[in-house]
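Visitor: Structure incoming, see below.
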Number of protein chains: 4
Amino acid sequence: MDKLRVGVLGATGMVGQKYIQLLENHPWFNVTYVAASPNSAGKNYSEAVKGRWQMASPIPSEVSSLNVFDANKVLDAIGKCDFVFSALELDKAATAALEEEYAKNNIAVVSNCSAHRFTPDVPMIVPEINSSHLEIIEQQKKSRAWDKGFIVVKPNCSLQSYLTPLFALQQKGYLISRVILSTMQAVSGAGYPGVASLDIVDNIIPFISGEEEKSEKEPLKILGNIRDGKFVDANSIKFSAHCNRVSVVDGHTACVSFEFADKNNKPTKEEIIKIWREFASVPQQLNLPSAPIHPIIYTEEENRPQPRKDRDNDKSMAVTVGRLRECNVFDYRFVGLSHNTVRGAAGGGILNAELLKAKGFLHS
Amino acid sequence: MDKLRVGVLGATGMVGQKYIQLLENHPWFNVTYVAASPNSAGKNYSEAVKGRWQMASPIPSEVSSLNVFDANKVLDAIGKCDFVFSALELDKAATAALEEEYAKNNIAVVSNCSAHRFTPDVPMIVPEINSSHLEIIEQQKKSRAWDKGFIVVKPNCSLQSYLTPLFALQQKGYLISRVILSTMQAVSGAGYPGVASLDIVDNIIPFISGEEEKSEKEPLKILGNIRDGKFVDANSIKFSAHCNRVSVVDGHTACVSFEFADKNNKPTKEEIIKIWREFASVPQQLNLPSAPIHPIIYTEEENRPQPRKDRDNDKSMAVTVGRLRECNVFDYRFVGLSHNTVRGAAGGGILNAELLKAKGFLHS
Amino acid sequence: MDKLRVGVLGATGMVGQKYIQLLENHPWFNVTYVAASPNSAGKNYSEAVKGRWQMASPIPSEVSSLNVFDANKVLDAIGKCDFVFSALELDKAATAALEEEYAKNNIAVVSNCSAHRFTPDVPMIVPEINSSHLEIIEQQKKSRAWDKGFIVVKPNCSLQSYLTPLFALQQKGYLISRVILSTMQAVSGAGYPGVASLDIVDNIIPFISGEEEKSEKEPLKILGNIRDGKFVDANSIKFSAHCNRVSVVDGHTACVSFEFADKNNKPTKEEIIKIWREFASVPQQLNLPSAPIHPIIYTEEENRPQPRKDRDNDKSMAVTVGRLRECNVFDYRFVGLSHNTVRGAAGGGILNAELLKAKGFLHS
Amino acid sequence: MDKLRVGVLGATGMVGQKYIQLLENHPWFNVTYVAASPNSAGKNYSEAVKGRWQMASPIPSEVSSLNVFDANKVLDAIGKCDFVFSALELDKAATAALEEEYAKNNIAVVSNCSAHRFTPDVPMIVPEINSSHLEIIEQQKKSRAWDKGFIVVKPNCSLQSYLTPLFALQQKGYLISRVILSTMQAVSGAGYPGVASLDIVDNIIPFISGEEEKSEKEPLKILGNIRDGKFVDANSIKFSAHCNRVSVVDGHTACVSFEFADKNNKPTKEEIIKIWREFASVPQQLNLPSAPIHPIIYTEEENRPQPRKDRDNDKSMAVTVGRLRECNVFDYRFVGLSHNTVRGAAGGGILNAELLKAKGFLHS
């Protein structure tokens, strides 16, 4: 199989770098185009990230010498890549407009950005949960008169640790009505330079701008339905999120209490663990290259999951869950953990692209 | 006024050291007796803590040369101190028995330990909340045939950050029915050596043995009543706690969501903040030396309280609260912070002793 | 005594904030003027630092409501303060010019900045070492035709931990020829936001721009002499410094190996410790308010000094030294520690001003 | 090729766990025997490390179910493994005796422990430096009347970061006379639980028991010669080491200043970098499975090497070096970094075993 040619927008930022790193030796995709801000444009990639490369492995040699283009000049990308990953670090309006411009020019956009997450005809995908939402793409193309281009987004990094475990229960018929959760999020989630060390050494910050809103609203669209060509939020479940920044490099942890909708139909603790351990979905059925074998790993150790020790489970793409126990106020509580820059960012974006490819939405 | 002579049991441990540090130059109390495990006994205090003194200020000179006694030999204490602070690091049964032995020998015990927290006739005191519970002391003495001795305890360090703010609302008539909270607790709470650095550098631990149970049960006794000479738990409020260890030296933070019992009588956000800011109680009225001027400090900054920046507010004895906002699931949510080794341990114990002294329970 | 009226230039930055904090209740100085960049100008001080106040105690109430002036508008300061502390965060040339402008306008400048450290007629003062260098001020004023204004600077924060201990030995006649040292410096030394948390969690950075040069060159001027109205560097001693950034909030530590010039006249280990413990100098003799009682504290514990446990010794103004032992290659080695934002920055600046006041250089 | 059957002594400790992790899928070795303290004996391996497994990947399935034997019962090992890795956590005398007992019973010992490092006929091997020292094994066996068993040790983890770079220069004829260095060592070097978090959060510890002595003495044996069947230390080079513990999980960093013996024959900076980059030795020539392709990686970035970003270079087996520059006091200085639990412990032990196998010392 010929690999698809991939572009990365915002290629010099933290998420962009993670894309470059994870796409090295990818079986389906080949990075052929990198774009960033005007002042990186014209340099080769290794010059452009000099002193800013944050990954633990060296810059892949085939990307190192690529010329960096200006991400604002959409026409430059034509003919150089079949689709792009968007990790733009612009303001919301500029990102939204630019992503549309790429789509209009027949370049599909698989985005990490928040700009189009609530655009009514743009699907926000977690492949294990709502791959069926991709069906809106045809509608999206038609109403915008786009030919081959379209936009698909992924949600915020904070919700991977709790949404998939909760979805797994709903899928088995155990609807959930209320969720109160508190996150402890890694500093890499804020990009580079991001969080000042004076704010995190011997400290935590009990606030991340916009994060609680995303953590509460985005799940409703992901769990929602398409009606008349637009997404309608799930309305039977409510989330309340407290979001905190802690001294961890990678890995977002969530402490979650939840209540079932039907008081007369609740699974036992053993049943929940069984559901989680057996959970597999479309990416697993399609055997996508970046899909974890087990999307949810349940650990019995009383003091796990822990970010440094569990974030890299199953290529950093699994959600590790532990400490399921009864809640004094709701029904149950647990701790969930997910790698924020892999599962929650670039790895999640790549899994979305793999899903799109497998479903026939991406072509060379 | 002549100062009371004070003993510290478990004087070489972390909490014991904090007592020694905080009692330096105390206006009412004078450390005259220190006791620890048999293998410290016979040394002077500075020898006994050599290489283990963890406080940022030097050992107070008047304690430095005190002889360390064996805490198990209760008779040694007679005549050397008027009452003791108990920070014993023994198992629960041994602590319970030993504290009773001191009380029997006419030495009142103001304890940090958990051993007697659920003994039906022992009051568990947070002076701003339930100073009235001290009235059980007469009953306690009588039924045990103790003369001058008695036992008073303080609760666990984890609950200071949320219980006083919630109590302040209840006191104004706004009863609370359900509370879900998540803590991020400092490593000093585990003593020394306590938490291994391999568990906390680039990591968090989502589990502290026994801590969630304490955080849920102890408030019920503190908010409860005395009936027939025994404590009866409050039964109109429920707590669910997730307890986590994070890379912070001192200061426990809690993210709290709560619901009022009466849907038709809820305070506004402004009213809650006003209640908190105006809250003052018995320690403030009695002008106790260690009492914070404002037991609850409300901060308007969107990213506070933070442990390193707020734990030392008002002699490290205030609870700093911030981020009051509506909760998506319950009524409101907020972030509370309290210094765990001062307010939550030795400072809280000293405030208890000051209350006892002011109320006439302690004599030379 | 009427207090002198003090201005702080760069009052909203980290060092400026530390000045504001340390000058609260100062017996000789009163902050009456605060100046910062144009975009802070016009706000009151508490507004100007909103969300950026990094100190553990609240903004002093008398400064909180002061109007912030534009530090570039020197004329605004006239009549509002008797002298200024300069903690400007401009580039070197702009700082140099602006400090001269204040001096020209009869406002003495006590500076933290590096701009004038190597100006030949500007003294760089550590009060315990080279208070005699103040005599150049008359010369400085004359040649520049300044009336009451002048400029005095303090050295970089990195050298306090080793220079005073080495000077104490030289002062006793034991000249030192070669010093190789390695620092582990706190993140607060880089200001706010300063060091990115991604660079310091589970990491160290073995490089601080310009720091090694300062650590090697500045001591030569401080230990040097005045000849023909200009400073001449000490030329009998050489320093080689490795400077590292580590995950510590406050407190710079140095590991130091050194060699005496005269192989036949070396003190014993005991003699060195005695010299350090007995060391006292001009600030102690003048009883300056911020002077530590013991400028050098020697600790016998085998694993001290440690930054969190020793940085606050003697109002954070002492250098704590430990682990003196023979060096396998040079004569001796030791570990030194100094609080970088107090002794090494604002506290050092205030001590300089106290020395100037006591010596008659500052007037209302 | 049939794989050799390998035992791990001290298999449940930190270093033992790292051996288990690194030996998963090893092309030459197969873990067939695990031994630990008597109270682990009788359990299977996964039970024995329950709650203590510190590695980021799961326990290899083939080891998980192995029965754990008592390491003191040497006879149990006979027939179950061809040689052992020793990561015993006993005192020095007990370790020395036990390792000899295994050797006597025809089980070769490749040790991480310090017990036999200065035994005159035991080679202390860094394969890139002194593989020729293996020739003493015949002598060792003969004088002790051992048949197939023998003992080979590796040095302390702290010296990998500076010794190989210095050796590479000496090998090219540039003898070095004096070295002063300062280390910043990871907490994993102290094992588990090891360093208390209260000693490392917002702190460094400028002392590691016994570490400076090892860092100074062990290089002399490694760089030494065999004379009359015994090792004689190198006597033309001296090391002075300051050893510090810092808040880093893995990776020891060293700041090194050094002087050449011959003032008239010094390489330029460019020549040194060239020597380092071209350095390859026996493990590379033999193409050993765990050998790094480049034992020394020189990085041009001004703020590297950094532990979190460079410790995993080349399977965590390379030494990463940077910041080569002139020293103000000696000739040159640089920063070296090596992964302490891989290169400096289990990985180094495995490389030693691979060297022994390739050289014909190990047989099934």
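The values are calculated or read from the model by the stated rules, or taken from the named source; none is laboratory data. Bear in mind that the values here come from a model prediction, so they are computed numbers and not experimental data. All Cβ positions, glycine included, derive from the backbone under ideal geometry; neighbour counts span all protein chains shown.
Visitor: Quick test for you: out of C:161, C:188, C:177, C:131, pick the one residue that is in a strand (DSSP E or B), in contact with a Ser or Thr (Cβ under 8 Å, 6 or more places away or on another chain), small (Gly, Ala, Ser) and touching a residue at least 40 places away in the same chain (Cβ under 8 Å).
Guide: Just one listed residue meets the conditions, C:177.
Visitor: Follow-up. Return the pairs, sorted by first residue and then second, in which the second residue is at pLDDT below 95 and not polar (S, T, N, Q), the first residue lies in segment A:237-248 and is more than 20 Å from residue A:306 (Cα to Cα), the beta carbons are less than 7 Å apart, and the residues are 6+ apart or on different chains.
Guide: Filtered contacts from segment A:237-248: no entries.
Visitor: Right, here's the next one. If you scan segment C:198-240, which residues turn out to be part of a strand (DSSP E or B) and more than 7 Å from every other protein chain (Cβ to nearest Cβ)?
Guide: Selection gives C:225, C:226, C:227, C:230, C:231, C:232.
Visitor: Could you tell me whether any residue of segment B:95-103 is crowded, with 17+ Cβ neighbours inside 10 Å, at pLDDT below 95 and not hydroxyl-bearing (Ser, Thr, Tyr)?
Guide: No, there is no match, as no residue in segment B:95-103 is crowded, with 17+ Cβ neighbours inside 10 Å, at pLDDT below 95 and not hydroxyl-bearing (Ser, Thr, Tyr).
Visitor: Are any residues in segment B:69-94 in a loop (DSSP other than H, G, I, E, B), touching a helix residue (DSSP H, G or I) at 6+ places or on another chain (Cβ under 8 Å) and modelled with pLDDT of 95 or more, and if so, which ones? Break it down stepwise before answering.
Guide: Here is the first cut: in segment B:69-94, the ones in a loop (DSSP other than H, G, I, E, B) are B:71-73, B:78-82, B:87-91.
With touching a helix residue (DSSP H, G or I) at 6+ places or on another chain (Cβ under 8 Å) added as a condition, the list becomes B:71-72, B:87-88, B:90.
Matches in segment B:69-94: B:71, B:72, B:87, B:88.
Visitor: Residue under question is residue D:337, and the condition is that it be farther than 30 Å from residue A:52 by Cα and in contact (Cβ under 8 Å) with a residue 60 or more places away in the chain; does it hold?
Guide: Against the criterion (farther than 30 Å from residue A:52 by Cα and in contact (Cβ under 8 Å) with a residue 60 or more places away in the chain), residue D:337 does not qualify.
Visitor: Please state which of the following conditions residue D:281 fails to meet, knowing it meets all the rest: (1) free of Cβ contacts under 8 Å to residues at least 60 places away in the same chain; (2) surrounded by fewer than 21 Cβ atoms within 10 Å (Cβ to Cβ); (3) in contact with a Pro (Cβ under 9 Å, 6 or more places away or on another chain); (4) among the hydroxyl-bearing types (Ser, Thr, Tyr).
Guide: Status for residue D:281: all satisfied but (1).
Visitor: Filter segment C:147-158 down to residues that are in a helix (DSSP H, G or I) and of a type in the set (Phe, Trp, Tyr), then give me how many there are.
Guide: Final tally of qualifying residues: 0.
Visitor: Going by the structure shown, is residue A:115 without any contact (Cβ under 8 Å) to a residue 40 or more places away in the chain, more than 15 Å from the chain's Cα centre (by Cα) and either surrounded by 20 or more Cβ atoms within 10 Å (Cβ to Cβ) or in a strand (DSSP E or B) (or both)?
Guide: no
Visitor: I've got another one for you. Among the residues of segment C:177-197, which ones are under 27 Å from residue B:204 (Cα atoms) and within 7 Å of chain D (Cβ to nearest Cβ)?
Guide: Within segment C:177-197, just C:184 meets the criteria.
Visitor: Residues in segment C:119-134: is at least one at pLDDT 95 or above, under 21 Å from the mean Cα position of the chain (by Cα) and farther than 24 Å from residue C:239 by Cα?
Guide: yes
Visitor: Pairs under 7 Å by beta carbon, first residue without any contact (Cβ under 8 Å) to a residue 12 or more places away in the chain in segment A:29-56, partner among the acidic types (Asp, Glu), six or more apart or different chains?
Guide: Pairs that qualify, where the first residue is without any contact (Cβ under 8 Å) to a residue 12 or more places away in the chain and the partner is among the acidic types (Asp, Glu), are A:51/D:301; A:56/D:312.
Visitor: Residue D:122 - would you say it is in contact with a Leu (Cβ under 9 Å, 6 or more places away or on another chain), buried (at least 20 other Cβ atoms within 10 Å of the Cβ) and either of a type in the set (Phe, Trp, Tyr) or more than 14 Å from chain A (Cβ to nearest Cβ) (or both)? Break it down into steps so the answer makes sense when it comes.
Guide: Numbers: in contact with a Leu (Cβ under 9 Å, 6 or more places away or on another chain): no; buried (at least 20 other Cβ atoms within 10 Å of the Cβ): yes; either of a type in the set (Phe, Trp, Tyr) or more than 14 Å from chain A (Cβ to nearest Cβ) (or both): yes.
Considered against the rule, which asks whether it is in contact with a Leu (Cβ under 9 Å, 6 or more places away or on another chain), buried (at least 20 other Cβ atoms within 10 Å of the Cβ) and either of a type in the set (Phe, Trp, Tyr) or more than 14 Å from chain A (Cβ to nearest Cβ) (or both), residue D:122 comes out as no.
Visitor: From the list D:177, D:188, D:209, which residue is at pLDDT 95 or above, over 21 Å from the mean Cα position of the chain (by Cα), at negative phi and not aliphatic (A, V, I, L, M)?
Guide: The conditions single out D:177.
Visitor: Here is a further query. Quick one: would you say residue C:273 is away from every other protein chain (no Cβ under 14 Å), β-branched (Val, Ile, Thr) and in contact with a helix residue (DSSP H, G or I) (Cβ under 8 Å, 6 or more places away or on another chain)? Before you say what the answer is, go through the steps one by one.
Guide: Numbers: away from every other protein chain (no Cβ under 14 Å): yes; β-branched (Val, Ile, Thr): yes; in contact with a helix residue (DSSP H, G or I) (Cβ under 8 Å, 6 or more places away or on another chain): no.
So residue C:273 does not fit the description; no.
Visitor: Quickly run through segment B:1-32 and pick out the residues that are farther than 18 Å from residue B:67 by Cβ, outside any helix (DSSP H, G or I) and among the hydrophobic types (A, V, I, L, M, F, W, C).
Guide: Listed by number, the residues that qualify are B:1, B:4, B:28, B:29.
So that you can scan it fast, the table gives a plain yes or no per residue for (1) touching a strand residue (DSSP E or B) at 6+ places or on another chain (Cβ under 6 Å); (2) not β-branched (Val, Ile, Thr):
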{"position": "A:299", "(1), (2)": "yes, no"}
{"position": "A:304", "(1), (2)": "yes, yes"}
{"position": "A:308", "(1), (2)": "no, yes"}
{"position": "A:312", "(1), (2)": "no, yes"}
{"position": "A:316", "(1), (2)": "no, yes"}
{"position": "A:330", "(1), (2)": "yes, yes"}
{"position": "A:339", "(1), (2)": "no, yes"}
{"position": "A:348", "(1), (2)": "no, yes"}
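Visitor: Let me ask another. Could you please let me know if residue C:221 is surrounded by fewer than 23 Cβ atoms within 10 Å (Cβ to Cβ), within 29 Å of residue C:263 (Cβ to Cβ) and touching a helix residue (DSSP H, G or I) at 6+ places or on another chain (Cβ under 7 Å)?
Guide: no
Visitor: Go through (1) more than 18 Å from the chain's Cα centre (by Cα); (2) outside any loop (DSSP other than H, G, I, E, B); (3) at the interface with chain D (Cβ under 10 Å from one of its Cβ atoms) for residue C:169 and report which single condition fails.
Guide: Here residue C:169 clears every test but (3).
Visitor: Please go through segment C:156-191 and give me each residue that is closer than 22 Å to residue C:299 by Cβ and in contact with a Cys (Cβ under 7 Å, 6 or more places away or on another chain), ordered by number.
Guide: C:158, C:181, C:182, C:183, C:185
Residues are listed down the side, and each one gets a yes or a no for (1) within 14 Å of another protein chain (Cβ to nearest Cβ); (2) more than 20 Å from the chain's Cα centre (by Cα); (3) of a type in the set (Gly, Ala, Ser); (4) farther than 30 Å from residue A:9 by Cβ:
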position: A:288; (1), (2), (3), (4): no, no, no, no
position: A:296; (1), (2), (3), (4): no, no, no, yes
position: A:299; (1), (2), (3), (4): yes, yes, no, yes
position: A:318; (1), (2), (3), (4): yes, no, yes, no
position: A:324; (1), (2), (3), (4): yes, yes, no, yes
position: A:327; (1), (2), (3), (4): yes, yes, no, yes
position: A:354; (1), (2), (3), (4): no, no, no, no
position: A:359; (1), (2), (3), (4): no, no, no, no
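Visitor: Does segment D:327-336 include one or more residues that are in contact with a Ser or Thr (Cβ under 6 Å, 6 or more places away or on another chain) and surrounded by fewer than 21 Cβ atoms within 10 Å (Cβ to Cβ)? Lay out the reasoning, then the answer.
Guide: Of all residues in segment D:327-336, those in contact with a Ser or Thr (Cβ under 6 Å, 6 or more places away or on another chain) come to D:327-330, D:333, D:336.
Next cut, surrounded by fewer than 21 Cβ atoms within 10 Å (Cβ to Cβ) only: D:327-328.
Scanning segment D:327-336 turns up at least one residue that is in contact with a Ser or Thr (Cβ under 6 Å, 6 or more places away or on another chain) and surrounded by fewer than 21 Cβ atoms within 10 Å (Cβ to Cβ).
Visitor: Would you confirm, using the coordinates I've provided, whether residue B:68 is more than 14 Å from every other protein chain (Cβ to nearest Cβ), in contact with a Lys or Arg (Cβ under 7 Å, 6 or more places away or on another chain) and under 30 Å from residue C:305 (Cβ atoms)?
Guide: Answer is yes for this residue.
Visitor: Pick out the one residue from C:240, C:215 that is among the small types (Gly, Ala, Ser), buried (at least 24 other Cβ atoms within 10 Å of the Cβ) and touching a Cys at 6+ places or on another chain (Cβ under 8 Å).
Guide: C:215
Visitor: Something else: Evaluate the following for residue A:35: is it outside any helix (DSSP H, G or I), crowded, with 22+ Cβ neighbours inside 10 Å, at pLDDT 95 or above and in contact with a Phe, Trp or Tyr (Cβ under 9 Å, 6 or more places away or on another chain)?
Guide: On the way: outside any helix (DSSP H, G or I): yes; crowded, with 22+ Cβ neighbours inside 10 Å: yes; at pLDDT 95 or above: yes; in contact with a Phe, Trp or Tyr (Cβ under 9 Å, 6 or more places away or on another chain): yes.
In short, yes.
Visitor: Taking the criterion of being touching a strand residue (DSSP E or B) at 6+ places or on another chain (Cβ under 7 Å), part of a loop (DSSP other than H, G, I, E, B) and at pLDDT 95 or above, would at least one residue in segment B:50-63 satisfy it?
Guide: Within segment B:50-63 (the criterion being touching a strand residue (DSSP E or B) at 6+ places or on another chain (Cβ under 7 Å), part of a loop (DSSP other than H, G, I, E, B) and at pLDDT 95 or above), the answer is no, since none of the residues qualifies.
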